[in-house]
1. From the cross-link list K85/K213; K44/K252; K44/K213; K75/K252; K44/K275, which pairs have alpha carbons spaced over 32 Å apart?
2. Indicate the gyration tensor shape class of the stretch 13-149 (rounded, prolate or oblate), computed on the Cα atoms with a ≥ b ≥ c the square roots of the eigenvalues: a/c under 1.5 is rounded; otherwise a/b larger than b/c is prolate and the rest oblate.
3. For a Förster distance of 25 Å, can you work out the FRET efficiency between the beta-carbons of K213 and N115, rounded to the nearest 0.05?
4. Which FRET efficiency value, to the nearest 0.05, is calculated for T140 and S228 with the Förster distance at 30 angstrom and r the Cβ-Cβ distance?
5. Going by the alpha-carbon gyration tensor, a ≥ b ≥ c the square roots of its eigenvalues, is the stretch 96-191 rounded (a/c under 1.5) or, if a/c is not under 1.5, prolate (a/b greater than b/c) versus oblate?
6. Give, in nm to one decimal, the length gained when the segment between T251 and N93 is fully stretched (0.36 nm per residue of separation minus the Cα-Cα distance).
7. Would you mind classifying the stretch 158-287 by shape? Square roots of the alpha carbon gyration tensor eigenvalues, ordered a ≥ b ≥ c; an a/c under 1.5 is rounded, otherwise it is prolate if a/b is larger than b/c and oblate if not.
8. Normalised by the number of residues in the stretch 158-287, what is the relative contact order in percent for Cα pairs under 8 Å and 6+ residues apart?
Amino acid sequence: MRGIILNLVLLIFLISASSAAPDEAMGIVTYVESGDTFEVLIEKFDPRIEESYEVVRLADVTSPDSNTAEGQAAKEFTEAMLLKKRVWLDIDNKSEDGRGPYGRLICVVYQNMPNGSINNESFNKMLVDAGHATIRDFETNEFDPVDWWSVSDLGISLVINEVELNPQGNDQGGEWVELYNRGDEDIEMGGWTLTSAHGLNLTLPEEATIRAKGFYVVTIEEGRLYNSGEVIFLMTDAGPVVDRTIPLDDTKNDDRTWARCPDGGVSWVYVISSKNVTATCDVIYYASSEDKNWLRCCAGGYTHMNPLDRQLWNVTGFFE
């Protein structure tokens with residue numbers, strides 16, 4: 001019995017040691033230097049924190065130089081997502097004092113969600129997914145980027161499927177988010193929340209249920225979605241993120257929407273609305289998940305990235 005207990009203790013220790021620790025420090029982002037570097041006013045201190053203001057460098061990702069068009073786009077994305085917002089820091093335990101050669105804290109960064117929970121998807125991953133950074137796995141820190149693409153896999157077959165950011169006429173009451181159940185069983189969603197990068201916080205009613213292979217449309221009656229740089233998250237009542245959209249832009253005041261094509265798929269398209277029905281995939285703009293030009297770094301420079309090309313990338317082949 002004692003051997004079993006010791007083995008269980010050892011197993012728990014190993015699991016804890018290998019898991020992310022997103023709550024080592026916390027603060028408000030006050031200034032963004034580039035897509036991968038920013039200043040944080042520390043509110044929760046770690047023993048390695050030396051000053052009230054600390055410069056944070058995202059671990060194992062690299063954004064283009066801020067003097068380039070691509071670098072400016074990366075900086076603007078980070079500003080839209082993090083500036084004046086609370087973040088949690090998982091500080092590197094391998095490098096000296098958690099810092100790199102320039103004295104910056106090397107961190108995996110997590111957003112503080114509107115409901116007070118910590119986003120289980122790292123901002124490091126989000127920056128790569130959005131096409132504004134490349135992976136550069138430094139052996140001098142403890143982190144392994146491969147882990148970022150499995151941390152949010154909750155085994156839930158539910159996705160954000162279609163979004164109307166900018167309906168024809170008055171946006172109030174006309175914006176909506178469609179969910180799609182890819183699975184073969186109904187899913188109860190009572191108490192789950194839809195949040196956004198710009199502050200939407202909407203709780204689904206307790207009776208909310210989505211049928212297998214079915215749709216569920218949430219109309220935004222209170223609050224609003226932004227027409228530029230908007231990212232929408234679906235979270236369980238316990239806090240973990242089930243799914244999120246790509247960064248969305250919609251300047252057309254009409255019935256065109258951003259949607260997954262086919263329903264529940266990886267690729268996003270800009271199409272005529274297929275609200276609450278099977279998508280026809282009559283493509284107006286297509287963001288191909290096979291286009292990995294953003295990975296070309298660094299000898300040849302970064303390939304130009306049109307903001308519309310930002311998408312949810314399929315990264316499974318990158319680490320094979």
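No value in this document is a laboratory result; all are computed from the given coordinates. Since the model is a prediction, treat every value here as computed from it, not as a measurement. Positions of Cβ are generated from backbone atoms using ideal geometry, with glycine treated the same way; all protein chains shown enter the neighbour counts.
1. K85/K213; K44/K252; K44/K213; K44/K275
2. Rounded shape, in that the Cα axes give a/c under 1.5.
3. FRET efficiency, K213 to N115: 0.30.
4. According to the calculation, E is roughly 0.20.
5. prolate
6. Difference between extended and current length: 52.5 nm.
7. Working: a/c = 1.66, a/b = 1.19, b/c = 1.39.
Oblate is the answer for the stretch 158-287, as a/c is 1.5 or above yet b/c matches or exceeds a/b.
8. So the answer I get is 27 percent.
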